[in-house]
Structures are given as C-alpha cells and as structure tokens.
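Each remark here refers to the structure printed beneath this line.
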Amino acid sequence: MPIEGYHDKYGHAAGHLVLLELAAIFKNTARTTDIVTRWGGDEFAIIFSGASLLEAYAVMDQIRYKVEAKFNSSYGLAISAGASYSLICKG
C-alpha cells in the first residue's frame with residue numbers, strides 16, 4: 001500500500017507517524033556526508049555527495065531492507081527508489 005493510501009485508511013496523524021519513522025530510517029542509514037530531505041508529500045530525496053553509484057546503491061539497499069523489515073508485515077507498506085548520477089566538472 002502506498003503512503004497516501006495509508007493516510008486515507010488510517011488518517012493524517014497515523015500517516016505522519018509513518019513518515020517520521022521513514023525519515024529516521026533514512027537519516028540513520030545514510031552516511032554522515034549524505035543529505036536526507038523530504039521532497040514533498042510522501043517523497044524523500046537523498047543526495048549522496050561524493051558517492052559512486054555503487055556506494056549509493058548499497059545505502060539504498062540497506063534502507064530498502066530496513067523499511068521492508070519494519071513496515072511490510074505490520075503496515076503492508078513498501079518503498080520504491082530510483083537513482084540518477086551526475087558529475088560536476090570545474091574548469
């Protein structure tokens with residue numbers, strides 16, 4: 001069930017608590033150099049500063065595992081994630 005479906009079924013306060021728990025998982029799993037932010041609604045973004053795509057993928061896999069372990073059985077929630085990679089060249 002997506003988060004917005006959870007909001008509809010259990011109410012805004014319950015959905016807000018889930019978002020807080022998700023944010024804690026993201027922040028506690030990300031590296032100290034990463035930036036975790038709520039992008040809007042039920043979306044989050046993580047900036048993996050200085051990370052290779054493989055390093056970012058490893059962190060996202062840990063996050064996916066933790067979210068699945070905490071939320072899938074008790075809430076029926078799952079996450080999906082995507083990644084983009086860009087280089088900034090100075091010169």
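The values are calculated or read from the model by the stated rules, or taken from the named source; none is laboratory data. Because the structure is predicted, anything quoted here is derived from the model rather than measured. No Cβ is skipped: glycine too gets one built from the backbone with ideal geometry, and neighbour counts run over all protein chains shown. Please note that ligands, DNA and RNA were not included when accessible areas were found on the heavy atoms of the full protein model with its side chains. Shrake-Rupley method; radii C 1.70, N 1.55, O 1.52, S 1.80 Å.
For the range 10-32: of the residues being in contact (Cβ under 8 Å) with a residue 12 or more places away in the chain and not aliphatic (A, V, I, L, M), which is farthest from ASP42 (Cα to Cα)?
Going residue by residue through the range 10-32, those that are in contact (Cβ under 8 Å) with a residue 12 or more places away in the chain are 15, 18-19, 21-23, 25-26, 29-31.
Filter again for not aliphatic (A, V, I, L, M), leaving 15, 21, 26, 29, 31.
On the way: GLY15: 9, GLU21: 12, PHE26: 13, THR29: 18, ARG31: 22 Å.
Filtering the range 10-32 for residues that are in contact (Cβ under 8 Å) with a residue 12 or more places away in the chain and not aliphatic (A, V, I, L, M), the one farthest from ASP42 (Cα to Cα) comes out as ARG31.
Looking at (1) modelled with pLDDT of 80 or more; (2) among the small types (Gly, Ala, Ser); (3) part of a loop (DSSP other than H, G, I, E, B), which one does ALA56 not meet, given that it meets all the others?
ALA56 satisfies every listed condition except (3).
Within the range 39-46, identify whether any single residue is touching a residue at least 40 places away in the same chain (Cβ under 8 Å) and assigned to a helix (DSSP H, G or I), and answer yes or no.
no
Tell me yes or no: at least one residue of the range 69-76 is surrounded by 11 or more Cβ atoms within 10 Å (Cβ to Cβ), touching a residue at least 60 places away in the same chain (Cβ under 8 Å) and either within 14 Å of ILE25 (Cα to Cα) or not β-branched (Val, Ile, Thr) (or both). Step through it out loud before you land on a result.
So in the range 69-76, the residues surrounded by 11 or more Cβ atoms within 10 Å (Cβ to Cβ) come out as 69-72, 75-76.
Of the ones still in play, those that are also touching a residue at least 60 places away in the same chain (Cβ under 8 Å) are 75-76.
Remaining after also requiring either within 14 Å of ILE25 (Cα to Cα) or not β-branched (Val, Ile, Thr) (or both): 75-76.
Taking every residue of the range 69-76 in turn, at least one turns out to be surrounded by 11 or more Cβ atoms within 10 Å (Cβ to Cβ), touching a residue at least 60 places away in the same chain (Cβ under 8 Å) and either within 14 Å of ILE25 (Cα to Cα) or not β-branched (Val, Ile, Thr) (or both).
Would you be able to say whether some residue in the range 20-36 is polar (S, T, N, Q), assigned to a helix (DSSP H, G or I) and touching a Ser or Thr at 6+ places or on another chain (Cβ under 9 Å)?
No; the residues of the range 20-36 include none that is polar (S, T, N, Q), assigned to a helix (DSSP H, G or I) and touching a Ser or Thr at 6+ places or on another chain (Cβ under 9 Å).
Step by step: first the residues of the range 1-34, then only those that are of a type in the set (Lys, Arg) and at pLDDT 90 or above, then the one that is most open to solvent (accessible area, probe 1.4 Å). Which residue is that?
If we take residues in the range 1-34 being of a type in the set (Lys, Arg) and at pLDDT 90 or above, then LYS27 is most open to solvent (accessible area, probe 1.4 Å).
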